[in-house]
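The values are calculated or read from the model by the stated rules, or taken from the named source; none is laboratory data. The structure displayed is predicted, hence computed values, not measured ones. Because the Cβ atoms are built from the backbone with ideal geometry, glycine has one as well, and the counts that use them run over all protein chains shown.
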Amino acid sequence: MIIAPIAAIFMLNSSANGQSVGLYMTTQDYLNHKVSFGSGGDKIKINGLFGSANVALTHEGKKQTFAKSEVFGYHAGNSDYRFYNNLAYKVLDTTGFYLYSTEKLVQQGKGPKPATFYYFSKKAGDQIMPLTPEYIAKEYPQNYKLKYMVEVASKTDIDLNTYDKDLNMYKIKELYTESLK
């Protein structure tokens, strides 16, 4: 009884209501916004709860299965997603570097509940890493301003993943932009 609602959160069975749904077969396809097999009537099924290695796409009534390791990602609704280590990461922002989020089950109270975790990569096809001061310092060793601003933010309990509605950007993106000045 408890598993069914939780599993539903991690299983995307998206049907486009007039919107494009499809796969980005390569990084270049993603960068060019070229969706393969996408049309308004297609459906895509992502099983994320148990780390399934496959994604199923129903195109023109025919179901096709692809290995996540051979597909860059997918588009559903108004969002893009990238596969990495059999998980789907939602692309949140691409300015300067790529910012992602994904949901994972964490133990809270009487049972596991979904929680959102944030990640980043320098380029579209690069390794996805946790959005932490340590990984940011590792990826941007020459950008001392960014390193120090992120360090200060983490010590003052400012979440790097906070979205600033006034600036219309995530806090980490604001720090990154300021570090380049």
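For the reader, a short list of remarks on this structure follows.
- Residues in segment 56-74 that are of a type outside the set (A, V, I, L, M, F, W, C), surrounded by 17 or more Cβ atoms within 10 Å (Cβ to Cβ) and either outside the structural domain of residue 45 (by TED's automatic domain parsing) or over 15 Å from residue 124 (Cα atoms) (or both): 58, 59, 68.
- Residue count for segment 52-109, restricted to those that are touching a Pro at 6+ places or on another chain (Cβ under 6 Å) and either over 20 Å from residue 21 (Cβ atoms) or among the β-branched types (Val, Ile, Thr) (or both): 1
- Of the residues making up segment 150-170, just one is in a helix (DSSP H, G or I) and either closer than 17 Å to residue 98 by Cα or at pLDDT 95 or above (or both), namely 150.
- Residue ID - surrounded by the fewest Cβ atoms within 10 Å (Cβ to Cβ), chosen from residues in segment 118-147 that are among the basic types (Lys, Arg) and within 15 Å of residue 84 (Cα to Cα): 123
- Residue check, residue 173 of a type in the set (Lys, Arg), over 28 Å from residue 46 (Cβ atoms) and either outside any strand (DSSP E or B) or in contact with an Asp or Glu (Cβ under 9 Å, 6 or more places away or on another chain) (or both): no
- Check on residue 139, touching a residue at least 12 places away in the same chain (Cβ under 8 Å), assigned by TED's automatic domain parsing to the domain that holds residue 174 and farther than 22 Å from residue 29 by Cα: yes
- Here is the figure for segment 79-104: residues that are under 19 Å from residue 116 (Cα atoms) and either of a type in the set (Ser, Thr, Tyr) or assigned to a loop (DSSP other than H, G, I, E, B) (or both) total 11.
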